[in-house]
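See below for the structure under consideration.
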Amino acid sequence: IKILYGCGLRVSEVASLKISEVDSLRMCILVRTPKGQKDREVPLPKSLLQTLRLYAKDYQPENFLFEGQTKRGYSIKSIQNFVKKYARQAKIRKHVSPHILRHSYAVHQFENGIDIRYIQEVLGHNSIKTTELYTQVTKVSNTSISNPLDQL
């Protein structure tokens, strides 16, 4: 769940993520995309790195970062079920899905002043219009906007 929200990854990207694609020295994750699309790097939050190290120590994955019983990557459905299970345990009444976590990552980055083009790159969107859809739900408070005259 932390990797979905903390990196803004798609559920399919988490399911296929390999240990070798986590670069703790450069603090990034290489996201390989299928069908010859453009691979990308996403920042690896420090707190997530610690969580992943504890996870690896406990579960000792061999190839995929998150392995099921057959040593293959977790299925997308399993990840979706984990998210729903933990949302229920947290008594969250709204619909929660891996994509909602990705969406929340984008919205929160935008609200924190991160440039939309950077968010586009991290999310792996080809078009800025796709990224803009994520940011339309953000409402800017009039009190948070400074007037250029007040800057003089």
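Structure notes:
- For the chain, the solvent-accessible area works out to 70 Å² per residue, with a probe of 1.4 Å and every protein chain left in place.
- Carbon plus sulfur fraction of accessible area for segment 50-130, probe 1.4 Å, in percent: 50
- Exposure rank, largest accessible area first [Leu30, Leu25, Leu48; 1.4 Å]: Leu25, Leu30, Leu48
- Here is the list for segment 4-68: GluC sites (Glu not before Pro) lying in DSSP coil, each with at most 15 other C-beta atoms within 10 angstrom of its C-beta, are Glu62.
- Nearest-ten-degree value, helix 98-111 long axis tilted from longest Cα axis of the chain: 30
- Between helix 76-89 and the chain: long-axis angle, C-alpha atoms, 0 to 90°, nearest 10: 70
- Solvent-accessible surface (1.4 angstrom probe) belonging to His95, in square angstrom, nearest 10: 130
- Only protein heavy atoms count here; on that basis, with a 1.4 Å probe, Ser24 has an accessible area of about 50 Å².
- Using C-alpha pairs under 8 Å with a sequence gap of at least 6, the mean separation divided by the residue count of the chain gives a relative contact order of 24 percent.
- The chain - charge dipole about Cα centre, Lys and Arg +1 at Cβ, Asp and Glu -1, debye rounded to 20: 760
- Residues considered: Asn81, Asn63, Asn112. Largest GNM mean-square fluctuation over the chain, using C-alpha springs under 10 Å, is found at Asn112.
- Helix 46-59 axis versus longest C-alpha principal axis of the chain: approximately 10°, rounded to the nearest ten.
- Dipole of segment 1-131 [Lys/Arg +1, Asp/Glu -1 at C-beta], most positive-end residue of Leu49, Leu65, Pro98: Pro98
- Sequence of Leu133, Leu65 from largest to smallest accessible area, 1.4 Å probe: Leu133, Leu65
The values are calculated or read from the model by the stated rules, or taken from the named source; none is laboratory data. If you're wondering where the values come from, they're calculated on a predicted model, not measured in any experiment. Virtual Cβ from ideal backbone geometry, glycine too; neighbours counted across all protein chains shown. Keep in mind that these areas ignore ligands, DNA and RNA; they rest on the heavy atoms of the full protein, side chains included. Shrake-Rupley method; radii C 1.70, N 1.55, O 1.52, S 1.80 Å.
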